[in-house]
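Here's the structure we're looking at; comments come further down.
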Amino acid sequence: MGKGGRAESVCKQQPVEWRSPYNPLDKNAPELPSKGQIKAVIPKHCFERSGLRSMLLVARDCSMAAAFAYATSKVLSTDLPTDPLSAIGWVAGWSFYAFWMGTILTGPWVLGHECGHGAFSSSQMFNDIVGFIIHQALLVPYFAWQYTHAKHHRRTNHLTDGESHVPSTGRENGLGEHNERESFYAVLHESMGDGAFAFFQVFTHLVIGWPLYLMGLASTGRLAYDGSPLEDFADHFRPGSPMFPPKIRAKILLSTLTTFALLGYLGYLCTTVGVLPVMLWYVAPYMVTNGWLVLYTWLQHTDPSIPHYGEGEWTWVKGALSTIDRDYGIFDFFHHRIGSTHVAHHLFHELPCYHALEATNAIKAYLEPMGLYNYDPTPWYIAMWKVAHTCHYVEGTDGIQYFKSLEDVPLSKDLKKES
């Protein structure tokens with residue numbers, strides 16, 4: 001304060017944490033529109049599919065990948081460096097390649113995903129041929145994932161019949177009847193601490209989450225294809241997996257055989273050109289692509305303010321409107337806006353990606369005034385860290401549930417002190 005002046009207080013504003021505007025527990029919650037009412041606000045041409053336009057996007061993405069691989073081959077060697085200074089450049093160069101090639105290849109992955117939804121062209125046979133080639137090249141069992149992902153869309157945010165990123169309960173995470181930490185994640189969280197456990201969440205999702213999901217070891221639903229409780233591994237490889245009805249088991253077998261054939265070929269390449277070149281050129285970018293696809297599914301459906309519904313509360317519209325749009329900056333270009341137009345995608349999966357932005361603007365203009373459109377402006381990497389800290393379990397599988405955090409559960413050592 002200067003002499004004779006007035007005191008000025010400087011208040012540092014804390015950033016406002018985003019919350020979904022829709023709370024189904026609020027007595028004043030708006031009535032939800034029907035799917036038909038939402039569809040009516042979208043220009044009709046947004047639903048027009050062009051196989052040619054889609055194939056041009058495939059060509060674009062594949063050309064970028066080929067050009068980047070060629071450029072990399074001119075500046076990097078797969079031979080191990082012989083001195084520390086060269087090693088730094090070698091590691092940095094191959095890390096750069098892995099991240100950006102994995103990022104580029106997520107584009108074709110998204111287009112293969114469009115094929116599975118029928119959004120690629122008006123011919124489902126053509127869609128399946130293109131999608132099969134793209135996804136199998138990326139070690140995705142196309143027909144198996146096509147079926148389970150369709151269920152993910154049919155039962156979005158359903159606590160018992162959902163598929164992929166279905167919340168686990170406190171009991172399943174090792175919490176007792178009165179929130180005692182008895183086993184599993186509850187005990188692991190206490191031993192690791194908040195920050196380390198959040199990092200563990202990011203690692204398990206982005207690094208090993210995809211293969212674990214395909215093997216039926218994580219993030220699957222609770223019910224088999226016929227509605228019975230799962231009593232077996234719900235993997236994506238066995239034709240007799242409880243995820244799949246008998247009528248599609250031949251397709252599941254085809255996907256599985258093709259996946260293992262490619263794995264066999266990669267193994268053969270390891271014996272001829274070496275393990276390291278295969279790891280550098282294919283496996284490292286493959287893992288980055290996997291990380292991106294899990295990140296999208298995780299962040300587009302997960303936030304402490306997003307509701308999940310039990311059997312008596314769930315409706316299709318409630319589930320679809322529980323999706324979140326986020327801004328991914330430059331990655332929107334590479335990934336065909338799959339993360340920034342995800343609300344539109346879950347409402348109308350048959351809508352092609354090149355019309356998704358226009359459809360999103362129409363949907364936003366209609367839903368936002370009612371408080372029914374979810375857009376989180378938080379940078380995606382900050383949102384990821386927030387979700388890793390706050391979204392660990394739900395209390396049960398009935399009614400309306402919200403994610404809770406193990407950070408809010410009393411530590412065992414503190415309970416012992418109190419007793």
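The values are calculated or read from the model by the stated rules, or taken from the named source; none is laboratory data. Nothing here was measured: the structure is a model prediction, and the numbers come from that model. All Cβ positions, glycine included, derive from the backbone under ideal geometry; neighbour counts span all protein chains shown. SASA here: full protein model, heavy atoms, side chains in, ligands and nucleic acids out. Shrake-Rupley method; radii C 1.70, N 1.55, O 1.52, S 1.80 Å.
Restrict the check to segment 205-228 and report whether at least one residue is more than 14 Å from the chain's Cα centre (by Cα) and part of a helix (DSSP H, G or I).
Checking segment 205-228: not a single residue is more than 14 Å from the chain's Cα centre (by Cα) and part of a helix (DSSP H, G or I).
I need the full set of residues from segment 124-150 which are of a type outside the set (A, V, I, L, M, F, W, C) and open to solvent by less than 20 Å² (accessible area, probe 1.4 Å), in order please.
Matches in segment 124-150: ASN127, GLY131, HIS135, GLN136, PRO141, TYR142, THR148.
Do you know which of the residues in segment 157-187 that are over 29 Å from ALA224 (Cβ atoms) and outside any strand (DSSP E or B) is most open to solvent (accessible area, probe 1.4 Å)?
HIS178
Only one of these is closer than 29 Å to ILE324 by Cα, modelled with pLDDT of 95 or more and open to solvent by 50 Å² or more (accessible area, probe 1.4 Å): GLN37, GLN13. Name it.
GLN37
Provide a single number: the residues in segment 369-390 that are closer than 23 Å to THR297 by Cβ and open to solvent by less than 70 Å² (accessible area, probe 1.4 Å).
Count: 14.
Taking the stated definitions as given, is THR204 hydroxyl-bearing (Ser, Thr, Tyr) and either more than 25 Å from CYS115 (Cα to Cα) or touching a helix residue (DSSP H, G or I) at 6+ places or on another chain (Cβ under 6 Å) (or both)?
Considered against the rule, which asks whether it is hydroxyl-bearing (Ser, Thr, Tyr) and either more than 25 Å from CYS115 (Cα to Cα) or touching a helix residue (DSSP H, G or I) at 6+ places or on another chain (Cβ under 6 Å) (or both), THR204 comes out as yes.
Restricted to segment 229-239, and to residues that are modelled with pLDDT under 95 and of a type outside the set (D, E, K, R), which residue is surrounded by the fewest Cβ atoms within 10 Å (Cβ to Cβ)?
This residue is PRO229.
Among the residues of segment 65-74, is any within 26 Å of VAL278 (Cβ to Cβ), within 25 Å of the chain's Cα centre (by Cα), among the aliphatic types (A, V, I, L, M) and not in a loop (DSSP other than H, G, I, E, B)?
Taking every residue of segment 65-74 in turn, at least one turns out to be within 26 Å of VAL278 (Cβ to Cβ), within 25 Å of the chain's Cα centre (by Cα), among the aliphatic types (A, V, I, L, M) and not in a loop (DSSP other than H, G, I, E, B).
Need the failing condition index for TYR354 against (1) open to solvent by 10 Å² or more (accessible area, probe 1.4 Å); (2) of a type outside the set (Val, Ile, Thr); (3) within 17 Å of PRO307 (Cβ to Cβ), just the number.
Here TYR354 meets the rest and fails (3).
Filter segment 230-240 for residues that are closer than 19 Å to LEU139 by Cα and without any contact (Cβ under 8 Å) to a residue 40 or more places away in the chain and give the result.
ALA234, ASP235, ARG238, PRO239
I'm trying to understand the selection: among the residues of segment 40-59, which are in a helix (DSSP H, G or I) and surrounded by 14 or more Cβ atoms within 10 Å (Cβ to Cβ)?
Passing the criteria: CYS46, PHE47, GLY51, ARG53, SER54, MET55, LEU57, VAL58.
Limited to segment 311-341, what total is found for residues that are aromatic (Phe, Trp, Tyr), closer than 14 Å to THR297 by Cα and open to solvent by 20 Å² or more (accessible area, probe 1.4 Å)?
Selection size over segment 311-341: 0.
Cβ-Cβ under 6 Å, sequence separation 6+ or interchain: first residue in segment 74-101 and of a type in the set (S, T, N, Q), partner outside any loop (DSSP other than H, G, I, E, B) and surrounded by 15 or more Cβ atoms within 10 Å (Cβ to Cβ). Which pairs?
Pairs that qualify, where the first residue is of a type in the set (S, T, N, Q) and the partner is outside any loop (DSSP other than H, G, I, E, B) and surrounded by 15 or more Cβ atoms within 10 Å (Cβ to Cβ), are THR78/PRO277; THR78/LEU280.
Go through (1) more than 19 Å from the chain's Cα centre (by Cα); (2) under 19 Å from SER219 (Cβ atoms) one by one and return the number of the condition ALA365 breaks.
Going through the list (1) more than 19 Å from the chain's Cα centre (by Cα); (2) under 19 Å from SER219 (Cβ atoms), ALA365 breaks only (2).
Please state which of the following conditions TYR393 fails to meet, knowing it meets all the rest: (1) within 26 Å of HIS117 (Cα to Cα); (2) buried (at least 21 other Cβ atoms within 10 Å of the Cβ); (3) not β-branched (Val, Ile, Thr).
(1)
Considering only segment 78-120, state which residues are polar (S, T, N, Q), within 22 Å of ALA65 (Cβ to Cβ) and assigned to a loop (DSSP other than H, G, I, E, B).
THR78
List the helices (runs of 4 or more DSSP H) that sit entirely inside segment 235-338 and contain at least 1 residues that are aromatic (Phe, Trp, Tyr).
Per the criteria, 249-272, 284-299, 316-320, 331-334.
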